[in-house]
1. Of the conditions (1) surrounded by fewer than 16 Cβ atoms within 10 Å (Cβ to Cβ); (2) among the basic types (K, R); (3) outside the structural domain of Y215 (by the TED database), K158 satisfies every one except a single condition; which number is it?
2. With the structure loaded, tell me whether Y193 is open to solvent by 80 Å² or more (accessible area, probe 1.4 Å) and more than 20 Å from the chain's Cα centre (by Cα) or whether it fails that test.
3. Looking at the range 215-228, is at least one residue on the phi > 0 side of the Ramachandran plot, in contact (Cβ under 8 Å) with a residue 12 or more places away in the chain and open to solvent by 20 Å² or more (accessible area, probe 1.4 Å)?
4. Being among the hydroxyl-bearing types (S, T, Y) and at pLDDT 95 or above is true for just one of S270, S317. Which residue is that?
5. In the range 111-134, how many residues are in contact (Cβ under 8 Å) with a residue 60 or more places away in the chain, out of contact with any Leu (no Cβ under 8 Å at 6 or more places or on another chain) and either open to solvent by 40 Å² or more (accessible area, probe 1.4 Å) or not assigned by the TED database to the domain that holds T58 (or both)?
6. So the check is Cβ under 8 Å with 6+ separation or different chains; which pairs have a first residue in the range 368-379 that's within 17 Å of L308 (Cβ to Cβ) and a second one that's open to solvent by less than 50 Å² (accessible area, probe 1.4 Å) and among the basic types (K, R)?
7. Working only within the range 237-253, note down all residues that are within 18 Å of G364 (Cα to Cα) and exposed (fewer than 11 other Cβ atoms within 10 Å of the Cβ).
8. I'd like to check which strands (runs of 3 or more DSSP E) are fully inside the range 285-396 and have at least 2 residues that are over 28 Å from I415 (Cβ atoms).
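The values are calculated or read from the model by the stated rules, or taken from the named source; none is laboratory data. Just so it is clear, the model here is predicted, and its values are computed rather than measured. So basically every Cβ, Gly included, is an ideal-geometry build from the backbone, and we count neighbours across all protein chains shown. Ligands, DNA and RNA are excluded from the accessible area calculation, which covers all protein heavy atoms including side chains. Shrake-Rupley method; radii C 1.70, N 1.55, O 1.52, S 1.80 Å.
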Amino acid sequence: MGTVHARSLEPLPANGPDFGALGEEAEFVEVEPEAKQEILENKDVVVQHVHFDGLGRTKDDIIICEIGDVFKAKNLIEVMRKSHEAREKLLRLGIFRQVDVLIDTCQGDDALPNGLDVTFEVTELRRLTGSYNTMVGNNEGSMVLGLKLPNLLGRAEKVTFQFSYGTKETSYGLSFFKPRPGNFERNFSVNLYKVTGQFPWSSLRETDRGVSAEYSFPIWKTNHTVKWEGVWRELGCLSRTASFAVRKESGHSLKSSLSHTMVIDSRNSSILPRRGALLKVNQELAGYTGGDVSFIKEDFELQLNKQLLFDSVFSASLWGGMLVPTGDKPSSIADRFYLGGPTSVRGFSMHSVGPQSEGDYLGGEAYWASGLHVYTPLPFRPGQGGFGELFRTHFFLNAGNLCNLNYGEGPKAHIRKLAECIRWSYGAGIVLRLGNIARLELNYCVPMGMQKGDRTCDGVQFGAGIRFL
């Protein structure tokens with residue numbers, strides 16, 4: 001699977017001597033690989049036909065959009081390269097289990113001396129597929145069961161039903177996905193879902209029932225997503241000992257919001273990158289399209305990675321966000337930011353930094369967090385070139401703060417408050433990369449700058465997730 005096959009190209013006109021016509025006494029001239037490649041690159045060819053074997057319910061128009069560049073190839077090397085690119089595009093549609101490419105000389109009455117035929121041998125996915133897997137979130141594991149109807153209408157549409165049961169969250173949802181023909185990055189999706197989550201750091205239980213519609217599209221080097229979401233939220237206490245501040249948040253609310261996300265990502269890996277940068281900016285506006293929750297919310301994420309000597313990597317990251325209520329009601333505990341834990345400011349317990357009441361953490365309306373990291377190979381490089389490459393030694397310095405702001409004050413007062421009572425920590429540990437799925441960290445942490453009410457984790461701390469500070 002994945003091989004581009006090219007059959008004999010003898011009918012094509014050759015530049016240079018015909019070695020097959022030489023006598024037995026002639027001296028054999030060995031062509032170096034570079035010379036062979038140069039001959040192929042200089043050979044003018046024309047792709048006359050593109051055939052598909054194995055198509056069933058897939059419509060022709062979406063296929064034509066993906067293989068159009070194959071006809072633009074001018075030589076054999078370009079034909080092979082563009083055929084491979086077309087194969088990758090076809091696989092990306094998520095409607096084929098296998099795609100093979102066969103390149104042959106053109107046959108038939110209309111065949112040109114330098115004409116080629118390209119054949120894509122495809123195997124479509126079944127109309128109904130199922131899956132069972134495990135997923136790692138931010139310090140949470142879950143079991144996921146899914147049913148999928150791929151290529152529902154013949155143009156790469158997809159309907160998915162998914163049930164997830166996790167340590168802190170249980171959810172199920174139904175989604176419809178539709179890409180734009182010829183431009184898979186431009187796609188539209190609709191989701192119906194129900195999510196029930198438990199948040200022990202706040203003694204809170206939350207059940208969301210909602211619907212969302214989003215459209216994703218690229219602009220130059222950026223990827224954008226515009227989303228509308230309407231959700232009916234039900235908040236309740238997780239235990240009888242919940243504080244009064246949490247109890248008064250209990251009840252029902254209806255949130256209708258518009259959001260926009262912009263992402264610029266040049267990293268070579270999203271889990272444990274060695275080089276590249278990430279910039280992610282998200283804005284959310286709630287209350288202007290209905291509902292009884294009103295706010296403006298902005299947050300961002302910045303990460304820079306640089307490879308150093310001896311296969312080591314330096315990484316710097318910065319997070320920040322602000323929530324401004326725009327209605328008569330104060331912000332909800334379900335919309336605020338939280339900080340602390342093995343995936344953000346290490347050395348502190350999960351989401352256990354900032355405003356709290358009777359041991360229940362209430363979140364904050366503004367925060368920032370930053371981290372400096374150095375990743376190096378394991379000492380003495382055990383398992384080099386194999387399993388040992390999944391492990392890295394990790395040295396880190398983290399800092400951050402979470403608080404509520406008085407929006408009647410000016411920006412200088414806000415900056416002063418965010419600069420007060422900074423929590424920070426340092427330490428070292430080991431990182432394990434689980435493919436491109438998630439990563440695990442085992443660190444020895446030394447928390448500093450603790451404030452009254454903060455819950456710390458002084459010593460060994462374990463973390464699992466996909467998004468780390």
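1. Answer for K158: the failing condition is (1).
2. Numbers: open to solvent by 80 Å² or more (accessible area, probe 1.4 Å): no; more than 20 Å from the chain's Cα centre (by Cα): yes.
For Y193, the condition - open to solvent by 80 Å² or more (accessible area, probe 1.4 Å) and more than 20 Å from the chain's Cα centre (by Cα) - is not met.
3. Within the range 215-228, not a single residue is on the phi > 0 side of the Ramachandran plot, in contact (Cβ under 8 Å) with a residue 12 or more places away in the chain and open to solvent by 20 Å² or more (accessible area, probe 1.4 Å).
4. After ruling out the rest, the residue left standing is S317.
5. 2
6. Close Cβ pairs (under 8 Å, with a partner that is open to solvent by less than 50 Å² (accessible area, probe 1.4 Å) and among the basic types (K, R)) amount to Y375/R392; T376/R392; P377/R392; L378/R392.
7. Those that are within 18 Å of G364 (Cα to Cα) and exposed (fewer than 11 other Cβ atoms within 10 Å of the Cβ): F244, K248.
8. Because the criterion is at least 2 residues that are over 28 Å from I415 (Cβ atoms), the strands (runs of 3 or more DSSP E) in the range 285-396 that meet it are 295-307, 366-376.
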